[in-house]
Amino acid sequence: MSHLQPVPSGESTPEGTGVTAPLPELLAEYLRRSARGDEQAFAALYDATSARVHGLVLRVVRDPAQSEEVTQEVFLQVWRTAARYDESKGSALAWLMTLAHRRAVDRVRAAEAVSRQDTSFHQNTQVVPHDSTAEAAEASMESRRVRSALAELTTVQREAIELAYFGGYTHTEVATMLDLPVGTAKTRIRDGLIRLRDAMGVGQ
């Protein structure tokens, strides 16, 4: 087996093909080989995508040290679950970024939970006001509605919405991550928002 080189500039030559492949195809190939336990392919995948993954994680988590930890957790998850990647449902980069976003959000939620526990511990009263309980219940119901509505979107629309509105990326950045023209990315985000609004019954 020949040595796989890191991706230098958006395209390279997959092993054994003798032809130049664009970055999306190359990353998909690296994932397939990683699923078979190919450590060189995984190293090349890491070199090609770790900066983008860390950038997304940092935007969500904010804390540099924790972002480094989460980024490593993401790639550990990729190594363990690469076989779950389905090329028919989206690009390899989009799959990676989705994993990164979910794990980053989980870290933020865990930190918020600890903060809430600390605050609760130091409160002088054990009585929870009725209005606070109602607000918490309403927020929980709203979160479920959003998750349910997102599930009704197409895969490409959901990817674009998650990156733009949960990851905080611009339309141009979303287009780059999903390997799309900017106009196409904007259309997916717009159409996704329309379907999301309809699914949640907003404005009805």
*For the stretch 95-108, just list the computed ³J(HN,Hα) in residue order, Karplus coefficients 6.51, -1.76 and 1.60, θ = phi - 60°, integers in Hz, with x standing in for Gly and Pro.*
5, 4, 5, 5, 4, 5, 5, 4, 5, 5, 4, 4, 5, 5
*Along the stretch 31-39, what does the Karplus equation 6.51 cos²θ - 1.76 cosθ + 1.60 (θ = phi - 60°) give for ³J(HN,Hα), rounded to whole Hz, x for Gly and Pro?*
5, 4, 6, 4, 4, 8, x, 7, 5
*For the stretch 46-115, give the magnitude of the charge dipole about the Cα centre (Cβ charges: +1 Lys/Arg, -1 Asp/Glu; no others), in debye to the nearest 20.*
180
*asked:* Given points 7 Å out from each Cα along the Cα-Cβ axis, report the Ser50 to Glu112 separation in nanometres with one decimal.
replied: 3.0
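Just so you know, all these numbers are worked out from the coordinates, no wet-lab data involved. Here the structure is a predicted model, which is why all the values come from computation and not from measurement. Cβ atoms come from the backbone with ideal geometry, glycine included; neighbour counts cover every protein chain shown.
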